[in-house]
1. Could you count how many residues in the range 42-76 are under 18 Å from the mean Cα position of the chain (by Cα), in a loop (DSSP other than H, G, I, E, B) and among the hydroxyl-bearing types (Ser, Thr, Tyr)?
2. Just checking, which of Asp84, Asp60 is surrounded by fewer than 13 Cβ atoms within 10 Å (Cβ to Cβ) and either touching a residue at least 60 places away in the same chain (Cβ under 8 Å) or closer than 29 Å to Tyr114 by Cα (or both)?
3. With the checklist (1) more than 25 Å from Gln93 (Cβ to Cβ); (2) exposed (fewer than 15 other Cβ atoms within 10 Å of the Cβ); (3) touching a residue at least 60 places away in the same chain (Cβ under 8 Å) in hand, flag the one item Ala26 doesn't pass.
4. Considering the range 99-134 alone, what residues qualify as being modelled with pLDDT under 75 and in contact with a strand residue (DSSP E or B) (Cβ under 6 Å, 6 or more places away or on another chain)?
5. Considering (1) without any contact (Cβ under 8 Å) to a residue 40 or more places away in the chain; (2) on the phi > 0 side of the Ramachandran plot, say which one Ile13 fails and leave the rest.
Amino acid sequence: MRDAFGGIVNIVIIVVFLVIVSGYLAFNVNYTKAFRVKNKIITAIEQYEGNCSVINGACDQAITNYMREIGYSIENNFKIEGYDTCRNGYCIQKIDASSNTDPSIVLEGGNKVYYKVVTVIYIDIPIINKIMPYLKVFQVTGTTKVIETTR
């Protein structure tokens, strides 16, 4: 009887270890995808000078194609409070740089804005989701350089 109990305990320890390791690896893969998508969105916003709010525009198509290329996907009902544009697992917020009090941002005339970008890490592992149902979404944030706009 003692040997049977020891074997079951060993199997449980091995299964728990495998679940933790596979969850950690899944998180790292999805974090890398979210980080790469955030960087691509920031680059696209800077390249198109902030004209990314048009659905199916050149900027939106570049972002969507890149997301499809690396396999980044999220539920369509994703939304963060206070962000202007939320779609396909990312949100963009336009911030007026002239109202910013950050001394590292140098303003010399003109209308200046920058954009805050948020992408999410979404892991859909049934066992983990049953244990921790509210820890599905983690966020990766970043900001663009200051962009001069014409109003």
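The values are calculated or read from the model by the stated rules, or taken from the named source; none is laboratory data. Just so it is clear, the model here is predicted, and its values are computed rather than measured. Because the Cβ atoms are built from the backbone with ideal geometry, glycine has one as well, and the counts that use them run over all protein chains shown.
1. Of the residues in that region, 3 qualify.
2. Asp84
3. Checking Ala26 against (1) more than 25 Å from Gln93 (Cβ to Cβ); (2) exposed (fewer than 15 other Cβ atoms within 10 Å of the Cβ); (3) touching a residue at least 60 places away in the same chain (Cβ under 8 Å), the one that fails is (2).
4. Scanning the range 99-134 gives a single hit, Gly110.
5. (2)
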